[in-house]
Amino acid sequence: MKHIIILGDGMADWPVPALGDKTLLQYAKTPYIDKLAAMGRTGMLKTVADGFHPGSEVANMSVMGYDLPTVYEGRGVLEAASIGVDLEPGDMAMRCNIICVEGETLKNHSAGHITTEEADELIKFLEERLGTDRIHFYTGVQYRHLLVIKGGNKHLHCVPPHDIPLQPFRPNMIKAECPEAQETADLLNALILKSQELLASHPVNLKRVAEGKDPANSIWPWSPGYRPKMEPLSQKYPQIKKGSVITAVDLIRGIGRYAGLRCIDVEGATGLYNTNYEGKAAAAIEALKTDDFVYLHIEASDEAGHEGDVNLKLQTIENLDKRAVGPIYEAVKDWDEPVAIAVLPDHPTPCEHRTHTNEPVPFLIYYPGIEPDSVQTYDEVSCKSGVYGTMERDEFMNEFMNNDK
């Protein structure tokens, strides 16, 4: 049996008064996902281990069955793996957002969704002006980039920028968690302030401001760590002799690389609501012809949640159903070799809250011949009645991968 996980990043949510106190998954029209839930089995999954921040890297590693206390080293190392930066012993890697600061306020975490081409100019400029033998900036995708500090101390308190939109940035700058990390914290905070001086008058930002766009006028480093010790999925699940990951997000590509999965690029995959759903679905179907396991990650709902846009998030959920889940199910349902399908988010990103939360998320597992439970629709309320109950750690992945034994 082949296996595909279809992950709608952040699509779980809270009840919305304007939708009759339904969640977006309850309100959205998702006939294919509901059909799979009715034909399959459902439950809830705790994707954020106790003591961990509900980041996408934490939650996606958890979905794949990794033990977070053992392997977690932050987002930066995953960005590094994604863009091919080989970390040496002692290298501390950090996610380095390019953000928009307005006065003393952190306006948004994405510099108004800056393009990769614009950001590349800015990152190369910062490497030229601020880079040293110890400090290096590397271009990633859109607003998501990489900062590596040789000999940096990772024991830092860093606030993710998407957690503090429209809040003052200075109180949320980096703090040392131990005396040994103070030098690293001071260095990083100095880089933040110096980047603001340098980027304010850069031609890319002058052009953006003239066009009525948010300037990308500051860096925001966070999520520090060293190279993680992650075993390939094939070592834990012998069924996965060959696997792949499809995503527009660097950190998911990084997880995939450490997990031993090949990364498949899809033209027009943006990580936003305008992503190429059809291209991603087609790539997943093609990968399933040769691979044992496919991890299809679609970011759009998470970004809509961060923007607090209920209508946009509804659209992204319905697009996931109609333009990804539906085509994949229709393509594989009659294959000679059966395909197991799981659908779930990694974490909620409630529109009201505009950032990630750590509540358990609903999931479904379907494959030909599975004995269905009584759940008929897929959402945060219905799946609490699912036969799997609430799972955690590697229980979901073990159940999903071992269903053909």
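Values as computed for the structure displayed
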| item | result |
| --- | --- |
| Residue match in segment 28-38 (condition: touching a residue at least 24 places away in the same chain (Cβ under 8 Å), open to solvent by 10 Å² or more (accessible area, probe 1.4 Å), more than 23 Å from Pro327 (Cβ to Cβ) and part of a loop (DSSP other than H, G, I, E, B)) | no |
| Residue within segment 46-56 that is basic (Lys, Arg), in a loop (DSSP other than H, G, I, E, B) and within 27 Å of Val343 (Cα to Cα) present | no |
| Total residues in segment 60-92, condition in a helix (DSSP H, G or I) and out of contact with any Phe, Trp or Tyr (no Cβ under 9 Å at 6 or more places or on another chain) | 2 |
| Qualifying residues in segment 200-216 (those that are outside any helix (DSSP H, G or I) and closer than 17 Å to Glu127 by Cβ) - the one most open to solvent (accessible area, probe 1.4 Å) | His202 |
| Single residue of segment 374-401 satisfying the filter (among the hydroxyl-bearing types (Ser, Thr, Tyr) and part of a helix (DSSP H, G or I)) that is most open to solvent (accessible area, probe 1.4 Å) | Ser385 |
| Selected residue (criterion: nearest to the chain's Cα centre (by Cα)) from residues of segment 77-103 that are over 21 Å from Glu183 (Cα atoms), of a type in the set (D, E, K, R) and open to solvent by 10 Å² or more (accessible area, probe 1.4 Å) | Asp86 |
| Residues that are closer than 18 Å to Gly225 by Cβ and either open to solvent by less than 30 Å² (accessible area, probe 1.4 Å) or in a helix (DSSP H, G or I) (or both), drawn from segment 177-188 | Glu180, Ala181, Glu183, Thr184, Ala185, Leu187, Leu188 |
| Search result, residues across segment 59-74 that are under 23 Å from Met401 (Cβ atoms) and in contact (Cβ under 8 Å) with a residue 24 or more places away in the chain | Ala59, Asn60, Met61, Ser62, Val63, Met64, Gly65, Tyr66, Asp67, Thr70, Val71, Tyr72 |
| Criterion: modelled with pLDDT of 95 or more, open to solvent by 50 Å² or more (accessible area, probe 1.4 Å), within 16 Å of Ala59 (Cα to Cα) and assigned to a loop (DSSP other than H, G, I, E, B) - qualifying residue of Glu371, Glu359 | Glu359 |
| Every residue from segment 192-225 that is small (Gly, Ala, Ser), under 30 Å from His53 (Cβ atoms) and modelled with pLDDT of 95 or more | Ser195, Ala216, Ser218 |
| Strands (runs of 3 or more DSSP E) enclosed by segment 226-321 - at least 2 residues per element that are open to solvent by less than 10 Å² (accessible area, probe 1.4 Å), under 27 Å from Ala93 (Cβ atoms) and modelled with pLDDT of 95 or more | 243-246, 293-298 |
| Options Leu7, Leu24; residue that is of a type in the set (A, V, I, L, M), in contact with a Phe, Trp or Tyr (Cβ under 8 Å, 6 or more places away or on another chain) and either within 20 Å of Asn403 (Cα to Cα) or open to solvent by less than 10 Å² (accessible area, probe 1.4 Å) (or both) | Leu7 |
| Unique residue being closer than 27 Å to Ala259 by Cα and outside any loop (DSSP other than H, G, I, E, B) when the list is Ile99, Ile4 | Ile4 |
| Near pairs, Cβ below 6 angstrom, 6+ apart or cross-chain, from segment 216-228 (farther than 17 Å from Glu118 by Cα) to any residue that is assigned to a strand (DSSP E or B) and open to solvent by 10 Å² or more (accessible area, probe 1.4 Å) | Pro224/Leu156 |
| Criterion: β-branched (Val, Ile, Thr) and touching a helix residue (DSSP H, G or I) at 6+ places or on another chain (Cβ under 8 Å) - qualifying residue of Ile192, Ile246 | Ile246 |
| So Val141, is it in contact (Cβ under 8 Å) with a residue 12 or more places away in the chain, open to solvent by less than 30 Å² (accessible area, probe 1.4 Å) and under 27 Å from Val58 (Cβ atoms) | no |
| Selection within segment 322-356 - at pLDDT 95 or above, of a type in the set (Ser, Thr, Tyr) and outside any helix (DSSP H, G or I) | Thr349 |
| Residue within segment 337-360 that is touching a Cys at 6+ places or on another chain (Cβ under 6 Å) and either in contact (Cβ under 8 Å) with a residue 24 or more places away in the chain or of a type in the set (A, V, I, L, M, F, W, C) (or both) present | no |
| Residues being open to solvent by 10 Å² or more (accessible area, probe 1.4 Å) and part of a strand (DSSP E or B) - total across segment 149-166 | 3 |
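The values are calculated or read from the model by the stated rules, or taken from the named source; none is laboratory data. Small disclaimer: the values here were computed from a predicted structure and weren't measured. Backbone-built Cβ (ideal geometry, glycine too); neighbour counts: all protein chains shown. For the accessible areas, the whole protein counts, side chains as well, though only heavy atoms, and no ligand, DNA or RNA atoms are used. Shrake-Rupley method; radii C 1.70, N 1.55, O 1.52, S 1.80 Å.
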